[in-house]
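So the structure is just underneath, and the comments pick up after that.
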Amino acid sequence: MTDTNHENVPSRARRRFPGISSRAYEHPADRSALVALRRLTGFDTVFKALSGLLPERSLRLLFLSDSVRVSEAQFAHLNGMLRDACYILDLEKVPPMYVKQDPQPNAMCIGMDEPIIVVTTGLVELLDEEEMRAVVGHEVGHALSGHSVYRTILLFLTNLAVKVAWIPLGNVAIMAIVTALREWFRKSELSADRAGLLVGQDIQASMRGLMKIAGGNHLHEMNVDAFLAQADEYEKGGDLRDSVLKILNVLPRTHPFTTVRAAELKKWSETRDYQRIMDGHYPRRDEDKDASVTDSFRESASHYADTVRTSKDPLMKLVGDIAGGAGDLGGKLRDKFTGGAGAGKGTSATDEGGTPGGTEGPEGPEEGPRKA
């Protein structure tokens, strides 16, 4: 059951964003996909029909019967955070929230018709009040963006793939959809992290929360700057083999790696876009119907181009070099895969006679490397 009452908001003054559209904080790749889906004729009808196949009613009954529902009488501090988050992001209906016994720190927002927020006891016990506020804002951001619909579908398809795995090629098509949904959902997590920051309005609390999720409740043993340095090392370290391993490691995940999330959020908090939202300049919900699909895709494409251009990852650098028409593609591939900075073993930048670029025999110079 939902609720429109926004009482019991905390005393600390925070900016509120009346009528804010989720487009204000959504990651470009997330936003382009959502705008396209929202504008798709018959989208709502299709997914309402699909909802009959999904175990949503079963999930609601499960949480109602085997978890603790947050209210003024139970987990009152979480109830205050939830109402506060909905008040700040101007979400009219306060979604039900449940606390589930599970030592693994986790939270999710699911549901086709109406979103449900679920947090685990492991998460509640791990985070302090301001860190938890950012997490609750994160989940309310999912609800405002409509992510709960796709998360529910992802859960359903993942379970379905397991059930049909014994059929030859039975889960190939399903897993292709699941892989695509996971890639989108990883971007949606970056969007929700931004929503959490808009609610908590405390970047240090957001950073601490992510750091605790990665390293546990040992804050006195951890350092935010050192944690962010890990993200930088992860991005630029190694060679192409490591880049491939990064892709393989992230494919089965619904969430980006924690250090990456922290670095992305810190970067966004320092942008003009974030400051404009805090100053009250942001897209409104009543303008969503006029949002341009073309503009959203163009912004998404521009974001990926910027990512390739500025990335420190060896694979992304190589992609940028190829796009820029860099020469000696074979040499670059060799060096990236081996981690070398120059020519391979047994070669030199100059030949024994001091002539750059190769040897010259009786039949003339050898053919040099071709442009990619």
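The values are calculated or read from the model by the stated rules, or taken from the named source; none is laboratory data. These numbers were taken from a predicted model, which means no experiment stands behind them. Cβ sites come from the backbone with ideal geometry, for glycine too, and all protein chains shown count toward neighbours. Areas reflect the complete protein model, heavy atoms only, side chains present, ligands, DNA and RNA absent. Shrake-Rupley method; radii C 1.70, N 1.55, O 1.52, S 1.80 Å.
Values as computed for the structure displayed
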quantity	calculated
Some residue of the stretch 282-300 being more than 22 Å from Gly122 (Cβ to Cβ) and modelled with pLDDT of 95 or more	yes
Qualifying positions in the stretch 204-227 - touching a helix residue (DSSP H, G or I) at 6+ places or on another chain (Cβ under 6 Å), in a helix (DSSP H, G or I) and surrounded by fewer than 18 Cβ atoms within 10 Å (Cβ to Cβ)	Ala214, Val224
Condition met for Gly216 (closer than 27 Å to Ile277 by Cβ and modelled with pLDDT of 90 or more)	no
Residue within the stretch 110-118 that is at pLDDT 95 or above and small (Gly, Ala, Ser) present	no
Qualifying residue in the stretch 152-159 (condition: at pLDDT below 65, surrounded by 15 or more Cβ atoms within 10 Å (Cβ to Cβ) and assigned to a loop (DSSP other than H, G, I, E, B))	no
Whichever residue in the stretch 91-116 is among the aliphatic types (A, V, I, L, M) and open to solvent by less than 20 Å² (accessible area, probe 1.4 Å) and, among such residues, is nearest to Phe75 (Cα to Cα)	Val99
Condition met for Val119 (of a type in the set (A, V, I, L, M, F, W, C), in contact (Cβ under 8 Å) with a residue 24 or more places away in the chain, surrounded by 21 or more Cβ atoms within 10 Å (Cβ to Cβ) and over 25 Å from Pro18 (Cα atoms))	yes
